[in-house]
Amino acid sequence: MELSPASRGELLRIAKQSLRAAVLGREHLFEPPTHPELTQPAGCFVSLHELDAHRLRGCIGRLEASGPLWRVVTETAVNVLGDPRFDDLRVTPGDLAILEIELSVLSPLLPCASPLDFDLQNDGIYLIAGERAGCFLPQVARETGWTKEQLLDRLCTEKLGMPATTWRTGDATLMRFSTVIVGPEPVESIDE
């Protein structure tokens, strides 16, 4: 999916307003945007990082294209505040000035012919093993420098809670996807 600069700006505005309203306990309703790109179905992840240390403060998403992109971004921007990994470090109104937001708009999932059939630098991966599943965005490999094998090992242990070698079994299915990155941008900007 391609997104024009105007659509990217609109998505960031929607995400930031939704996030702020949720943190401040306010209701925020949107008129659907007019950009046709934003009404297409797409999955999306919303990531929050601290501006200075780039420490993760939340990352939640939806893989499936279950609704118009603008609505998925609205809901996901609110849901990122409930990332269970940060139950002891919830985002507060005072945190908004020190956070940046990044959106990852997802392509449809594509099956991989083998567990190593993905582009390490450009593809996100989604692994299904039995009743468990988990994913890493493409940014994970770029930021960590892990090999394909290390990425899959960590996906198994960190996201699936299974042995690192689970991806090597015949029962595991790997899917890949690409992303369009929108941002990062400070949650609170001077021009807003």
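A short reminder: the numbers here are calculations on the coordinates, not readings from a lab. Predicted model only: the values in this text are computed from it and were never measured. Please note: Cβ atoms are built from the backbone with ideal geometry, for glycine as well, and neighbour counts cover all protein chains shown.
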Could you please tell me which pairs satisfy a Cβ distance under 9 Å, a separation of 6+ or placement on different chains, a first residue in region 88-100 that is closer than 12 Å to VAL187 by Cα, and a second residue that is among the hydroxyl-bearing types (Ser, Thr, Tyr)?
-> GLU100/SER47
Pairs under 7 Å by beta carbon, first residue farther than 11 Å from ILE125 by Cβ in region 162-180, partner part of a loop (DSSP other than H, G, I, E, B) and among the aliphatic types (A, V, I, L, M), six or more apart or different chains?
-> THR166/LEU160; THR179/LEU137; VAL180/MET1; VAL180/LEU3
Scan region 128-155 residue by residue and report those that are assigned to a strand (DSSP E or B) and touching a Phe, Trp or Tyr at 6+ places or on another chain (Cβ under 6 Å).
-> CYS135
ARG176 vs. criteria among the basic types (Lys, Arg) and assigned to a strand (DSSP E or B) | yes
GLU158 is checked against (1) closer than 21 Å to ALA113 by Cβ; (2) touching a strand residue (DSSP E or B) at 6+ places or on another chain (Cβ under 9 Å); (3) surrounded by fewer than 16 Cβ atoms within 10 Å (Cβ to Cβ) and fails just one. What number does that condition carry?
-> (1)
Please enumerate the residues belonging to region 51-61 that are charged (D, E, K, R), in contact with a strand residue (DSSP E or B) (Cβ under 8 Å, 6 or more places away or on another chain) and touching a residue at least 24 places away in the same chain (Cβ under 8 Å).
-> ARG57
Within region 18-63, of all residues that are among the polar types (S, T, N, Q) and outside any loop (DSSP other than H, G, I, E, B), the one surrounded by the fewest Cβ atoms within 10 Å (Cβ to Cβ) is THR39
Report yes if GLU75 is part of a loop (DSSP other than H, G, I, E, B) and surrounded by fewer than 21 Cβ atoms within 10 Å (Cβ to Cβ), otherwise no.
-> no
Going through region 120-147 one residue at a time, which ones are charged (D, E, K, R) and buried (at least 17 other Cβ atoms within 10 Å of the Cβ)?
-> ASP123
How many of the residues in region 101-118 are over 24 Å from GLY9 (Cβ atoms), in contact (Cβ under 8 Å) with a residue 40 or more places away in the chain and surrounded by 12 or more Cβ atoms within 10 Å (Cβ to Cβ)?
-> 7
